[in-house]
Amino acid sequence: MTFAILGRTALIATRRRATVATAQQAKRRMGSAAAAPEWTGIDKVVRGYFPQDDQLAAAILGGYFGLFVLYKIKSAISGTPEPVEEAAPVVAAVAAPSSTGAIPDVDSEEFGAFLDSEENVAKLMESFEK
């Protein structure tokens, strides 16, 4: 029984030491003990109105949002200008199909006249087979 009593006493003493040790630990301050920085220039003026970081961040975001809203209001009031109709581009006169036997471009107006001849259609089919 003496060993059982000693074991229980040692366990209680260990728990007591752990409780006392945790109570005496220094608390973490997370950097709040540092002195406030000395602001100079424009920062001093701005920090006079918005001393905390979250206030300054909210002011900056509010400024950007205000600019965005003003832009949207301006564009809604002015509306979109009506598109100006441009004159149709002038097409140059198309020359007659060349007699060299070359196949004209499919997008050109010469291609329609090229297809009128059976010889030219045969040339076109031969060029597709190559």
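The values are calculated or read from the model by the stated rules, or taken from the named source; none is laboratory data. These figures come from a predicted structure and were not determined experimentally. Here the Cβ positions follow ideal geometry from the backbone for every residue, glycine too, while neighbour counts run over all protein chains shown. For accessibility, only protein heavy atoms count, side chains too; no ligands or nucleic acids. Shrake-Rupley method; radii C 1.70, N 1.55, O 1.52, S 1.80 Å.
Rolling a 1.4 Å probe over the protein chains gives residue 70 an accessible area of about 110 Å². Length gained on full extension, residue 67 to residue 8: 14.0 nm, using 0.36 nm per residue less the C-alpha separation. Here the Karplus relation 6.51 cos²θ - 1.76 cosθ + 1.60, evaluated at θ = phi - 60°, turns the backbone of region 60-73 into coupling constants of 5, 4, x, x, 5, 5, x, 4, 4, 5, 4, 4, 5, 5 Hz, with x for every Gly and Pro. Computed with a 1.4 Å probe on the full set of protein chains, the accessible area for residue 40 sits at about 100 Å². With a simple spin-label model that places each label point 7 Å from the Cα along the Cα-to-Cβ direction, the separation between residue 59 and residue 46 comes to 0.8 nm. Across region 45-59, computed HN-Hα scalar couplings (Karplus, 6.51 cos²θ - 1.76 cosθ + 1.60, θ = phi - 60°) run 5, 5, 5, x, 8, 10, x, 9, 5, 5, 5, 5, 5, 5, 5 Hz from first to last residue, x flagging Gly and Pro.
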